[in-house]
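Asker: Mind having a look at this structure? Questions to follow.
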Amino acid sequence: MPLSLNYRFLLISSVVSAVATAVINLAIAQTLWYNYELIPLWGPQSIASYLTSASMLSSFMITFLVTKATRNSIRAQHIFPLHWHLKSQTLIDQLPSHTAHRAFVLGVIAALMSGLTIFLLDFKNFTSFYHSEFAAFSIVYFVLLSSSIAVMSAYRAMGDDVLKQVKL
């Protein structure tokens with residue numbers, strides 16, 4: 001049974017954003033810590049500062065790009081907007097309708113999620129990571145973060161009032 005157009009779009013947008021974000025953040029991490037054997041959890045050039053800033057920035061960019069791509073796909077009628085009876089007033093539906101505001105809110109949520117991750121790492125007494133361990137951790141973290149942000153952004157954009165702009 002083939003996937004519907006909307007589910008296929010959600011899958012493709014989440015995979016593309018996950019791969020792109022993982023590659024970009026791995027390259028940034030390699031650039032920042034190429035000569036470090038151990039990367040500290042706390043400090044000015046640490047895992048905590050990197051996760052917080054990179055989470056917020058990458059989530060902002062993913063939200064902005066996926067929202068624009070979703071709206072353009074709806075206008076081109078490659079995917080279909082959500083009908084009123086498919087929207088159940090979930091938390092995702094409460095996100096702002098303006099793209100920049102939505103990107104900011106999801107960026108702040110991602111920064112809070114990085115804070116929770118850092119708290120859990122500190123709670124489990126991780127004071128530092130070896131470079132290879134941090135690379136693996138960073139890939140997993142940013143794949144999960146970016147794919148979830150992409151799905152939330154696309155789902156919310158499918159519920160926007162784009163039908164007003166589509167000529168049927």
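Asker: Summing -39500 (n - 2.57) over the DSSP H runs of n ≥ 4 in the chain and dividing by its residue number, what mean residue ellipticity at 222 nm do you reach, to the nearest 500 deg cm²/dmol?
Answerer: On the way: 4 runs with 110 residues, N = 168.
Rounded to the nearest 500, it is -23500 deg cm²/dmol.
Asker: Sticking with this one: For segment 62-148, which chymotrypsin sites (Phe, Trp or Tyr not before Pro) are both in a DSSP coil and crowded by at most 16 other Cβ atoms within 10 Å? Intermediate values should be presented prior to the final figure.
Answerer: On the way: sites: PHE64, TRP84, PHE104, PHE119, PHE123, PHE126, PHE129, TYR130, PHE134, PHE137, TYR141, PHE142; in loops: TRP84, PHE126.
Sparse-neighbourhood loop chymotrypsin sites (Phe, Trp or Tyr not before Pro): TRP84, PHE126.
Asker: Give me the angle, in degrees from 0 to 90, between the Cα long axis of helix 5-32 and the longest principal axis of the Cα atoms of the chain, rounded to the nearest 10.
Answerer: Rounded to the nearest ten degrees, it is 20.
Asker: To the nearest 10 square angstrom, what accessible area does LEU121 show with a 1.4 Å probe?
Answerer: 20
Asker: Relative contact order for segment 34-160: what is it in percent, counting Cα pairs under 8 Å that are at least 6 residues apart?
Answerer: Answer for segment 34-160 is 48 percent.
Asker: Please report the accessible area of ARG75 (heavy atoms, 1.4 Å probe, ligands and nucleic acids excluded) in Å², nearest 10.
Answerer: Roughly 100 Å² of ARG75 is accessible to a 1.4 Å probe.
Asker: While we're here: With viscosity set to 1.306 mPa s at 10 °C, what whole-number translational diffusion coefficient in µm²/s follows for segment 20-73 from Stokes-Einstein and a Kirkwood radius over Cα pairs?
Answerer: 126
Asker: Keeping all protein chains in place and using 1.4 angstrom, which order do LEU38, LEU106, LEU65 fall into by accessible surface area, from largest down?
Answerer: LEU65, LEU38, LEU106
Asker: Let me ask something additional. 5 Å is the cut-off here: which amide hydrogens, built 1.01 Å from N in the peptide plane, fall below it relative to SER128, excluding neighbours closer than 5 in sequence?
Answerer: Close amide H contacts, sequence-distant or interchain: LEU41.
Asker: Relative to the present Cα-Cα distance, how much length would full extension add between LEU112 and LEU5 at 0.36 nm per residue of separation? Numbers along the way, then the final one.
Answerer: Values: separation 107, 0.36 × 107 = 38.52 nm, distance 3.23 nm.
Taking 0.36 nm per residue and subtracting the Cα distance, the gain is 35.3 nm.
Asker: Follow-up question, since we're still on this one. Express in Å², to the nearest 10, the accessible area of TYR7 obtained by rolling a 1.4 Å probe over the protein heavy atoms while all chains stay in place.
Answerer: Spelled out: TYR7, probe radius 1.4 Å, area about 140 Å².
Asker: Also, I was wondering about something else. With the full set of protein chains in place, find how many percent of the accessible area of segment 32-130 is carbon and sulfur; take the probe as 1.4 Å.
Answerer: After summing per-atom areas, the C and S share lands at 69 percent.
Asker: Right, another one. Consider all pairwise Cα distances in segment 86-153 and report the whole-number % of them above 21 Å. Working shown, then result.
Answerer: Numbers: 880 of 2278 pairs.
Here the tail beyond 21 Å accounts for 39 percent of pairs.
Asker: Something else about it: Once the Cα atoms of helix 99-123 and of the chain are each reduced to a long axis, what angle between those two axes, in degrees from 0 to 90 to the nearest 10, is obtained?
Answerer: 30
Asker: Which entry in [x] 16.2; [y] 17.0; [z] 16.6 is this structure's computed Kirkwood radius over Cα pairs in Å?
Answerer: [y]
The values are calculated or read from the model by the stated rules, or taken from the named source; none is laboratory data. These numbers come from a predicted model, not from an experiment. Cβ coordinates were reconstructed from backbone atoms using ideal geometry, including for glycine residues, and neighbour counts include every protein chain displayed. Surface accessibility is based on the protein's heavy atoms, side chains included, excluding ligands, DNA and RNA. Shrake-Rupley method; radii C 1.70, N 1.55, O 1.52, S 1.80 Å.
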